[in-house]
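Just below is one structure, and these are the notes that go with it.
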Amino acid sequence: MEKTYLGLDLSTQKLKAVLINDKLEILHQAEVKFDVDFPEFQTNGGVKAGENKNEFFCDPVMWVKAVDTVLDRMVLQGANFTSVLAISGSAQQHGSVYWNQHGIDKLQNLDPDMFLYNQINSDAFAVKKSPIWMDSSTTKQCKEMEEAVGGRDEMVKITGSKCYERFTAAQIRKIFQQQRDAYDNTVRISLVSSFLASIFLNKIAPIDYSDGSGMNLLDINERRWSQKCLDACADGVEEKLGQPVPTASILGKIGTFFVQRYNFSTSTKVIAFTGDNASAVAGLNIHDDWLAFSLGTSDTIMLSLNHHPCFTDGHVLIHPTKENGFMGLLCFKNGALVRDTFKKAEANNSWEIFTECLQNSPRGNNGYMALHYLSQEILPNVPAGSLRWCALDTYENHSKRQPLIQFPVQQIEIRALIEGQMLNRKAFAMDMGFNFGENTKILATGGSSMNSAILQVMSDVFNSPVYIQKTPEAACLGAAYRAKYVLYMETAKENGDTYENYHDYIKKYCDMKHYYIHRVVEPHGDSKIIYEPMLKRYREMVQVMLDRQL
């Protein structure tokens with residue numbers, strides 16, 4: 001019988017599952033889109049807005065029902081779960097689920113003749129509305145926690161990030177303060193990833209290091225909960241969280257519900273589930289010299305780090321596949337939506353015209369530069385607004401010159417936008433500690449990665465070749481890859497054998513697949529000469545925008 005591995009990804013808008021064989025080839029895949037498939041939950045983009053400003057949540061029962069549905073769809077495709085040796089998964093980061101004792105008891109005594117969602121229903125949860133990553137209603141709690149641990153720098157030093165509203169610690173504290181009865185009735189708190197793992201284990205799964213490092217609670221150097229942060233969060237929270245485990249952990253065997261209902265083998269192993277960004281790193285299998293650059297609604301850069309830089313503007317997480325390593329995460333809010341706005345305004349709503357404008361304008365744009373933020377930006381922390389400079393503008397003389405409202409032609413506008421975005425992204429990658437060199441490579445993903453002209457600007461600004469990966473959703477594949485690797489690693493340990501590191505082991509299989517990665521663009525020879533001075537000017541422009549707030 002063919003050996004297979006199951007990976008799942010519970011993102012904001014859907015649950016996706018993929019079944020791969022021993023060669024990492026995809027055999028089956030299925031997905032459940034919450035808005036379309038579950039209209040009864042009345043979600044918009046997979047979420048619901050709360051009663052108060054900036055509150056967003058999900059009903060965890062919807063996620064339970066998605067497990068029923070996605071597995072049924074794979075069965076209809078002919079998937080044979082008997083052959084699954086190991087399963088792992090990923091999920092949207094920062095969300096939290098609050099189990100009561102009834103829910104834990106029900107989880108351990110599931111009836112295989114009934115759907116999961118008819119058993120793990122709303123009665124299983126002390127908090128019926130699970131706050132998710134979009135919720136930014138906890139500014140008060142963030143300030144309280146940072147003050148309690150000794151300031152923002154101390155929070156960054158301990159957890160890898162300043163206290164963010166959407167992070168789990170602040171959400172737990174808000175429930176502790178505002179829903180005390182519900183908090184007291186909570187026996188265990190799961191992240192969305194460990195919640196999904198709990199379903200497959202039929203018992204509460206621990207939180208893994210990598211996803212746990214996105215909570216503002218884990219000491220990422222010591223790999224354990226920080227007592228300072230726990231005390232600043234809520235009473236008795238450590239007992240409710242349980243102890244975290246390495247991401248490369250076998251949690252146990254799959255629950256009997258799945259053995260009896262879906263014909264999984266009793267020996268199928270459940271590997272620790274983790275966050276979607278960490279799982280994407282595993283799926284992309286990027287090495288130390290690589291940057292993973294996702295061009296989506298928000299642009300995201302992920303990179304490997306050998307040490308923990310105390311960098312207040314990004315996130316430092318525990319690496320999901322590199323022992324004792326870290327990963328950096330940089331999120332830029334103004335990404336594809338800004339590009340789309342300029343496509344409509346400057347290119348007659350045509351990507352073909354947009355691309356021609358980029359291709360027909362000179363690198364460096366004859367000194368014209370622009371920064372555009374349609375909404376409050378995270379990196380840098382500047383309000384919505386635009387700033388355009390011509391070749392004569394500098395930080396010293398800008399206040400004396402007439403502000404530019406628009407550039408002479410559409411080609412300049414479009415190139416200034418894309419070059420400005422790429423300079424922004426490179427500056428923060430450098431500030432986080434990534435060392436750009438002759439071996440640096442970029443793996444581009446996301447919707448805009450299909451535009452070769454945008455990728456050419458990326459390549460020139462970063463002075464690095466750009467690759468793309470022709471595989472479906474990296475987070476889901478990363479879960480399946482990790483399922484295979486952790487089983488291989490643990491088997492080697494049991495036998496006293498040496499074993500390859502994750503990167504080399506997975507690369508060996510991926511190199512055999514024609515769709516793994518291929519180079520699409522290389523930087524022009526004069527890129528360094530053109531863009532190094534522009535990087536300095538970019539930083540001056542940011543300072544001008546920051547000065548506007550004073």
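The values are calculated or read from the model by the stated rules, or taken from the named source; none is laboratory data. All of these numbers come straight from a predicted model, not from anything done at the bench. A quick note on method: Cβ atoms are made from the backbone with ideal geometry, for glycine too, and the neighbour counts reach across all protein chains shown. For accessibility, only protein heavy atoms count, side chains too; no ligands or nucleic acids. Shrake-Rupley method; radii C 1.70, N 1.55, O 1.52, S 1.80 Å.
A cut-off of 5 Å between modelled amide H atoms, ignoring neighbours fewer than 5 places along the same chain, links Ser90 with Leu8, Asp9, Leu10, Thr274. Seen from Gln406, the other residues with C-beta closer than 9 Å to its C-beta sum to a net charge of 0, counting Lys and Arg as +1 and Asp and Glu as -1.
Modelled spin labels at Gln406 and Glu323, positioned 7 Å past Cα toward Cβ, are 6.0 nm from each other.
What full-extension length gain, to one decimal in nm, is calculated for Asn118 and Asp35 as 0.36 nm per residue of separation minus the Cα-Cα distance?
Numbers: separation 83, 0.36 × 83 = 29.88 nm, distance 1.99 nm.
Residue separation times 0.36 nm, minus the Cα-Cα distance, leaves 27.9 nm.
Simple spin-label estimate for Lys203 and Gln77 gives 3.1 nm between the two label positions (7 Å along the Cα-to-Cβ direction from each Cα).
Rounded, prolate or oblate: pick one for region 180-288, where a ≥ b ≥ c are the square roots of the eigenvalues of its C-alpha gyration tensor, a/c under 1.5 means rounded, and failing that, prolate if a/b is larger than b/c, else oblate. Oblate shape, in that a/c is at least 1.5 and b/c is the bigger or equal ratio. Within the same chain, lysines fewer than 8 places from Lys143 are excluded, and of the rest, those with a Cα less than 24 Å from its Cα are Lys53, Lys129, Lys157, Lys162, Lys174, Lys228, Lys240, Lys333. Say R0 is 60 Å: what FRET efficiency, to the nearest 0.05, do Leu546 and Asn348 get from their beta-carbon distance? After rounding, the FRET efficiency stands at 0.95. Database remark: amide H of Asn202 closer than 5 angstrom to the amide H of Gly255 (H placed geometrically; neighbours at sequence offset of 5 or more, or on other chains; Pro and chain starts carry no H).
Surface analysis of region 396-439 yields an accessible area of 51 Å² per residue, using protein heavy atoms and a 1.4 Å probe.
How compact is region 389-504 by the rule of thumb for globular proteins, expressed as Cα Rg over 2.2 N^0.38 Å?
Values: Rg = 21.8 Å, N = 116, 2.2 N^0.38 = 13.4 Å.
Dividing the Cα radius of gyration by 2.2 N^0.38 Å gives 1.63.
Surface analysis of region 130-171 yields an accessible area of 36 Å² per residue, using protein heavy atoms and a 1.4 Å probe. Measuring between their Cα centroids, region 166-213 and region 481-550 lie 30 Å from each other.
What shape does region 429-482 take by its C-alpha gyration tensor, where a ≥ b ≥ c are the square roots of the eigenvalues and a/c under 1.5 counts as rounded, a/b above b/c as prolate, and the rest as oblate? Walk me through the intermediate numbers first.
Values: a/c = 2.44, a/b = 1.36, b/c = 1.80.
It is oblate, given that a/c is not under 1.5 and a/b is not larger than b/c.
Placing one equal scatterer on every Cα of region 160-234 and applying the Debye formula, the log10 ratio I(q)/I(0) at q = 0.21, 0.23 Å⁻¹ is -1.02, -1.16.
Mind running the shape call on region 1-123? Use the C-alpha gyration tensor, a ≥ b ≥ c as the square roots of the eigenvalues: rounded below 1.5 for a/c, prolate if a/b tops b/c, oblate otherwise. Verdict is prolate for region 1-123.
The string of couplings for region 180-191 from the Karplus curve (6.51, -1.76, 1.60, θ = phi - 60°) is 4, 4, 5, 4, 5, 7, 7, 8, 9, 10, 10, 6 Hz, one whole number per residue in order, with x for Gly and Pro.
Per 0.36 nm of contour for each residue apart, how much would the distance between Glu147 and Glu532 grow if the chain were fully extended, relative to their Cα-Cα spacing? Write down the numbers at each step before the final one.
Details: separation 385, 0.36 × 385 = 138.60 nm, distance 3.90 nm.
That pair, Glu147 and Glu532, stretches by 134.7 nm at full extension.
Restricting to Cα pairs below 8 Å that are 6+ residues apart, what does the relative contact order work out to for the chain? Please round to a whole percent. Relative contact order, the chain: 15 percent.
Once the chain from Asn435 to Ala492 is taken as fully extended at 0.36 nm per residue, the excess over their C-alpha distance is 17.1 nm. The value obtained for region 96-243, namely the Cα convex hull volume divided by the number of residues, is 95 Å³ per residue. For Phe56, the amide hydrogen comes within under 5 Å of the amide hydrogens of Gly50, Ile132, Asp135, Ser136, counting only partners 5 or more places away or on other chains and with H modelled in the peptide plane.
Given a 1.4 Å probe and heavy atoms of the protein chains only, how would you sort Arg539, Arg482, largest accessible area at the top?
Working: Arg539 95, Arg482 5 Å².
These residues rank, largest area first, as Arg539, Arg482.
The phi torsions of region 217-231, fed into the Karplus equation with coefficients 6.51, -1.76 and 1.60 and a -60° offset, translate into couplings of 10, 8, 6, 6, 7, 8, 6, 7, 4, 7, 4, 4, 6, 4, 5 Hz, rounded to whole numbers, with Gly and Pro shown as x. All other residues whose Cβ lies under 12 angstrom from that of Ile271 are scored, Lys and Arg at +1 and Asp and Glu at -1, for a net of +2. Charge tally around Arg425: other residues with Cβ under 14 Å, Lys/Arg +1 each, Asp/Glu -1 each, net -2. The portion of the accessible surface of region 277-404 made up by carbon and sulfur, rounded to a whole percent, is 47 (1.4 Å probe; DNA, RNA and ligands excluded). To the nearest Å, what is the center-to-center distance of region 445-467 and region 37-109, using C-alpha atoms only? Result: 35 Å between the Cα centres.
From helices alone, the chain scores -11500 deg cm²/dmol at 222 nm; the rule is -39500 (n - 2.57) for each run of n ≥ 4 DSSP H residues, then divide by the residue total. Which whole-number percent is the relative contact order of region 1-47 (Cα, under 8 Å, 6+ apart)? Relative contact order of region 1-47: 31 percent.
How large, in percent, is the carbon and sulfur part of the accessible surface of region 1-94 at a probe radius of 1.4 Å? Walk me through the numbers before you get to the answer.
Working: 1720 of 3700 Å².
The computed percentage sits at 46.
Got a number for carbon plus sulfur as a percent of region 410-454's accessible area, 1.4 Å probe? Carbon and sulfur atoms account for 44 percent of the accessible area of region 410-454. Summed over the residues of region 1-129 and divided among them, the accessible surface reaches 41 Å² per residue at a probe radius of 1.4 Å.
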